[in-house]
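The values are calculated or read from the model by the stated rules, or taken from the named source; none is laboratory data. The shown structure was predicted, so the numbers you read here are calculated from the model rather than taken from an experiment. Methodologically, a virtual Cβ is constructed for each residue, glycine included, from the backbone with ideal geometry; neighbour enumeration extends over all protein chains shown. Accessible surface is based on the protein model in full, side chains and every heavy atom, while ligands, DNA and RNA are left aside. Shrake-Rupley method; radii C 1.70, N 1.55, O 1.52, S 1.80 Å.
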Amino acid sequence: MGEVQRNKSPHTDEAHRLTLCAREEREEREVTQLSPYAALAVSTKGRVRARPLDDYRTEFQRDRDRIFHCKSFRRLRHKTQVFLDPEGDHYRTRLTHTLEVAQISRAIAQTLRLNEDLTEAIALGHDLGHTPFGHTGETALNEALAEIAEGYDDAPLEFHHAAQSLRVVEVLEHEGRGLNLCWETRDGIYGHSGAYYPQTLEGQVVRIADRIAYLNHDIDDAIAAEILHPEDIPATFIEILGETSPQRITTVVQDLTAQSCGQRQIMMTTTVRDALDGLRRFMFANVYDSYVAKSGEVQAKRVVKELFYYYLQHEDELPIEYFEWADGKRVQAVIDYLSGMTDRFARREYERIFVPAPFSNSTERAPRA
């Protein structure tokens, strides 16, 4: 005779299922399965404002969700990546770039047994502080800051989108309360570009994935815009990295993961790193600084700079809350408001302020004296 099958209590099954989904179980899996150099949610340096732990999500999962659902993230859809006013439907925007960075970052983190949730949170938040019109807007804002430096003692010396992304998640989101993210997430966002280098391997992964993503998708967009032709890419880079974007991404990711596995830092072979750096120089010389790619640059810079000067002189037209969030510093309030604009909102504001309204076509007679 076979074994007697005992009926299991449905309440027991439910309790077991909930245990498997509980935050503590997820945290335990991180401890036992991730690399010894991975950032662990249970060991986070925490938030500026302490919050009760979630029953099911780890602290880094909560960071990812808070970024994904914030207003600044949704606005990335209408912010320029490289090409201003592209006519095709398939050109990248700042949002699609962000999603590509997140995908590449998470794939690397998974292979290296790093914390995928932290990596994704950093990737999703890394460009929240970008100005309208991409780096063109950033350049225009820095030019404006340099021009007014002597007249405003509280004006910052420069604008950098990485620092502004950090300010978005620390101060500006949620009506001035910020997203209250973990230290590791904020560190990675701030260190994704510029002189500061992230302290976690997850942040370092996003920093490199950002470059991998934008170089390759910008090549695709440049070819679609007929600024580049496939044969324009130097043969040296093709031989080392690959002929197509998928091939180049695969080459760099595989090289990076092979060199970084079990290490305390993210590394690449000299050959692949030099080829990637060379490809970046090629893109700056032939795409990013080219006339065609920047054909709308003059207009875009005019919009950003004129709006900056206007709001600086007409503070009554700036939403009052921005002064509160900037502790009363007028220049910072203008920067926060302007850098949060989408391309189309910035254009509408420029037209509203500076473009005269057309004459009315009404045939109504003027009243008699």
Within the stretch 132-157, which residues are over 19 Å from the mean Cα position of the chain (by Cα) and charged (D, E, K, R)? E143, E147, E150, D153, D154
Of the conditions (1) part of a helix (DSSP H, G or I); (2) modelled with pLDDT of 95 or more; (3) open to solvent by 30 Å² or more (accessible area, probe 1.4 Å); (4) under 30 Å from V169 (Cα atoms), the single one that V303 does not satisfy is (3)
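Is it the case that the stretch 339-350 has a residue that's open to solvent by 80 Å² or more (accessible area, probe 1.4 Å), within 25 Å of R94 (Cα to Cα) and over 25 Å from the mean Cα position of the chain (by Cα)?
no
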Lone qualifier among R186, R177 - being surrounded by 23 or more Cβ atoms within 10 Å (Cβ to Cβ), among the basic types (K, R) and either farther than 18 Å from T96 by Cα or without any contact (Cβ under 8 Å) to a residue 12 or more places away in the chain (or both): R186
From the list G176, G129, G194, exactly one residue is small (G, A, S) and closer than 15 Å to F68 by Cα. Which is it? G129
Within the stretch 189-200, the residues that are open to solvent by 30 Å² or more (accessible area, probe 1.4 Å) and either within 23 Å of R113 (Cβ to Cβ) or part of a loop (DSSP other than H, G, I, E, B) (or both) are S193, G194, A195, Y196, Y197, Q199
Whether any residue in the stretch 133-152 is closer than 28 Å to Q265 by Cα and touching a helix residue (DSSP H, G or I) at 6+ places or on another chain (Cβ under 9 Å) is what I want to check. no
Only one of (1) β-branched (V, I, T); (2) at pLDDT below 95; (3) part of a helix (DSSP H, G or I) does not apply to V334, and that is (2)
Please verify whether the stretch 201-224 includes one or more residues that are closer than 19 Å to T44 by Cβ, open to solvent by less than 10 Å² (accessible area, probe 1.4 Å) and either free of Cβ contacts under 8 Å to residues at least 12 places away in the same chain or not in a helix (DSSP H, G or I) (or both). no
Can you name the number of the only condition in (1) in contact with a helix residue (DSSP H, G or I) (Cβ under 8 Å, 6 or more places away or on another chain); (2) modelled with pLDDT of 95 or more; (3) not basic (K, R) that N286 fails? (2)
Checklist (1) modelled with pLDDT of 95 or more; (2) open to solvent by 60 Å² or more (accessible area, probe 1.4 Å) applied to H229, failing item: (1)
Out of all the residues in the stretch 235-243, is one or more open to solvent by less than 40 Å² (accessible area, probe 1.4 Å), small (G, A, S) and modelled with pLDDT under 95? no
Taking the stretch 92-119 only, how many residues are within 24 Å of S72 (Cα to Cα), open to solvent by 40 Å² or more (accessible area, probe 1.4 Å), at pLDDT 95 or above and charged (D, E, K, R)? 3
So for the stretch 289-302 (the condition being of a type in the set (F, W, Y) and in contact (Cβ under 8 Å) with a residue 12 or more places away in the chain), does at least one residue qualify? no
